1. Return yes when Tyr227 is touching a residue at least 24 places away in the same chain (Cβ under 8 Å) and outside any strand (DSSP E or B) and no when it is not.
2. Given the options Thr517, Thr506, Thr437, Thr408, name the one that is more than 30 Å from Gly355 (Cα to Cα), open to solvent by less than 30 Å² (accessible area, probe 1.4 Å) and either out of contact with any Gly (no Cβ under 8 Å at 6 or more places or on another chain) or free of Cβ contacts under 8 Å to residues at least 60 places away in the same chain (or both).
3. Report, ordered by the first and then the second residue, all pairs with beta carbons closer than 8 Å, sequence separation of six or more or different chains, a first member in the stretch 59-83 that is over 18 Å from Ser106 (Cβ atoms), and a second member that is open to solvent by 30 Å² or more (accessible area, probe 1.4 Å) and of a type in the set (Ser, Thr, Tyr).
4. Filter the stretch 624-666 down to the residues that are β-branched (Val, Ile, Thr) and farther than 25 Å from Asp572 by Cα, then identify the one that is nearest to the chain's Cα centre (by Cα).
5. Scan the stretch 445-456 for residues that are assigned to a loop (DSSP other than H, G, I, E, B) and either open to solvent by less than 10 Å² (accessible area, probe 1.4 Å) or over 26 Å from Gln269 (Cβ atoms) (or both) and jot them down.
6. Here are Tyr619, Tyr612: which of them is in contact with a helix residue (DSSP H, G or I) (Cβ under 6 Å, 6 or more places away or on another chain) and either surrounded by fewer than 21 Cβ atoms within 10 Å (Cβ to Cβ) or farther than 18 Å from Tyr175 by Cβ (or both)?
7. Please work out which residue is nearest to Thr609 (Cα to Cα), limiting yourself to the stretch 555-571 and to residues that are open to solvent by 10 Å² or more (accessible area, probe 1.4 Å) and part of a strand (DSSP E or B).
Amino acid sequence: MRHHLLLLLVFVASAVWAQTDDAQSWQQVYEELMTFAPDQSDDDDAEADYDLLEQLSEHPLDLNRASREELEQLPFLSAQQVMDMREYLDRYGPMRSLGELRMIRSLDHVQLRMLPFFVFVDGTLTDSSHDHSHPYPSLDSAYFRPSTDSLASRAWRSDRRLGHTLTATAHLPFYSRRGDRNGYLGYRYRHELRYEYASHNGHMKAALIGAQDAGEPFLANGNRWGYDNYSYFIQLDDLGFVKRAVVGKYRLSAGMGLTMGQSFSLGKQAMLQSQGRTVQTLRGHTSRSESDYLLGAAATLALGQRFTLTPFVSYRPIDATLADDGSATTLTTSGYHRTPAEMAKKGNTHMTAAGLSTVYRHERLSLGLHAVVTHLDRSLEPNRRSLFRRHWAHGTNFANLSLSYSYTHFRLSLSGETATDRNGHLATINALSLRTTERLTLMAVQRFYSYRYTTLHGHAFSEGGRVQNESGIYLGARWNPLAHLYLQAYADYAHFPWARYLVSQTSDAVDLSLQATWQQQRWSVQARWRSRLRQRDGNDATNGLVANNTHRARLFASYAISHEWSLKTQADGVRAFYLKPSYGWMLSQHAQFSRRWLKANAMTAYFHTDDYQSRLYVYEHQLPHDISFPTYYGEGLRLSMTAQATLGRHLQLTAQLGLTHFFDRQVIGNGLQQIDHPTKTDLGLQLRYQL
């Protein structure tokens, strides 16, 4: 059977796929921004980030009317690029087409490919009075070439900017896990119901989202109100001096994330695209994630033309593991409530948070002051006898204060934030980008997070995944040496002065990456390499620290057959070393068809790795509002197909079928997640109705 499956893979690889910028989706460009997998240690962060892009794509900005603040909500743009776009509009007047974006020299090929999915041009604003001022009035390009796909899908997306939308999603596994038979409180299906509203004048948004993970009870066993998790909010925009107000669940970011860091972060590769800029935002919480949100009210108020003030207050339940004395040993963020033990943790602790963020802006200069105080109704007492937990946050009361700053020049951009906790421990991060020529941009990011600094809400750029116990320097470069060749590289060094999980003493880490992209009309070829050189405890106390290194490489080539068909072939390889070498490789083929009302994607991959250390990742198209960077190890085959049909102006149906077959095992997983079969098949269905 193995040989037949390999022949199927080769046949599919030779038959279909190409990546064309007019038929592709923003998800494909998003995948290219990820080095090999999400850098975040928390999958909920990646899900929330992905959902932000989903929301922004479904509510695109009118480029000719968008303010600087609105353009800054697009997380893949740098501060200089936002400023250049505004200056172009001020100088030449409204754009006639998105093709004019190519005249903004600071935009590179990534932004040019991403922007059409998040902005549009209202042609009613352009007239003959601007003919003389536009340098290239008939400019068009391959990036923005119209296609048969764009007519239906973008009409749907345009309608999505306003009105009512109801979305029902279900994931149906064609297998049972051990916990489904004995252990889980609920059934094996995952489902979600989502209602969203956007007013015609753009001043109001609202949402109610109910989500259920597989194995969680519904209308029973602690979930008597139906779904295990609800998210809800009302958001008001541009009401006099109230720039934005949110009541319900919301996410808030300030500065570069040292005090409040619930913003967007794709990781180190995308840092080169945004040039260190973080998204300063207040928005409703629309993802299924049950962590890193606030529950209460917040508002951004305009105090004149240069000052904004954002006060906020929150009171929310959180999950915690409790000790015998009633204190909380850990705050859990998985959001799973499938077993009696997990259900007992649900909402057993409450967190109160309040604070404010004030920002002063004058032309190219920005200054911000941010403060947050937090109280837990149980004392947080991690097991600090473990060396790596010695300086973790503990107690019931916490406070953080920070100063953020940024300055943007034609060629230079500087941003940073310095913070302190209630005990005076410091954290600081500073980013500098220099555009030496139109073809070369250099960047440096320095950070120092004291091993004693604590924050419950901070999420910032790091190697270790925490705003604590780390100092380092990141150097990156983007270079366009030839018309169709784009090079990106970074080197990141991190020092950890205190012990970490599985690292019992001072340690260091180095992360190196190089990416080359050649793109011309129908062809796109990309090569990536990444090395992560880290340290970890050996298998006994006498070994000390030993190398824990991973080297990954990826090569893909795509060719645009037509506006409807595209083909991409991808090869991945990995060499890992921890006590012994481990190798893995994967060959995958991706296919897409797009015509008027129908879009379809297919992916097939064969993987072969020595063990979990040499695991591999490949991005898969999923249902809207879902993200998947699954891990593959061992030997097996993965097949995935997604189809989306736009049925008129009101209805959209999406289906996703995935199958994984392992050649080297008879069971998949372990514990309550164990599947007593070498094959697992899942079906996802989503129905969206817009009125």
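The values are calculated or read from the model by the stated rules, or taken from the named source; none is laboratory data. Keep in mind it's a predicted model, so treat the numbers as computed, not measured. Note that we place each Cβ from the backbone using ideal geometry, even for glycine, and neighbour counts take in every protein chain shown. These accessible areas exclude ligands, DNA and RNA; they are computed on the full protein's heavy atoms, side chains included. Shrake-Rupley method; radii C 1.70, N 1.55, O 1.52, S 1.80 Å.
1. Values: touching a residue at least 24 places away in the same chain (Cβ under 8 Å): yes; outside any strand (DSSP E or B): yes.
Yes, satisfied.
2. Testing whether each residue is more than 30 Å from Gly355 (Cα to Cα), open to solvent by less than 30 Å² (accessible area, probe 1.4 Å) and either out of contact with any Gly (no Cβ under 8 Å at 6 or more places or on another chain) or free of Cβ contacts under 8 Å to residues at least 60 places away in the same chain (or both) leaves just Thr517.
3. The qualifying pairs are Pro60/Ser158; Asn64/Thr126.
4. Per the stated criteria, the residue is Thr654.
5. If the condition is that a residue be assigned to a loop (DSSP other than H, G, I, E, B) and either open to solvent by less than 10 Å² (accessible area, probe 1.4 Å) or over 26 Å from Gln269 (Cβ atoms) (or both), then Ser450, Tyr451, Arg452, Tyr453, Thr454, Leu456 are the ones that fit.
6. Tyr619
7. Filtering first and then ranking leaves Ala571.
To keep it simple, each residue is scored yes or no on (1) open to solvent by 30 Å² or more (accessible area, probe 1.4 Å); (2) closer than 30 Å to Arg478 by Cβ; (3) outside any helix (DSSP H, G or I).
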| position | (1), (2), (3) |
| --- | --- |
| His375 | yes, no, yes |
| Pro382 | no, no, yes |
| Ala393 | no, no, yes |
| Asn397 | yes, no, yes |
| Leu401 | yes, no, yes |
| Gly416 | no, yes, yes |
| Gly424 | yes, no, yes |
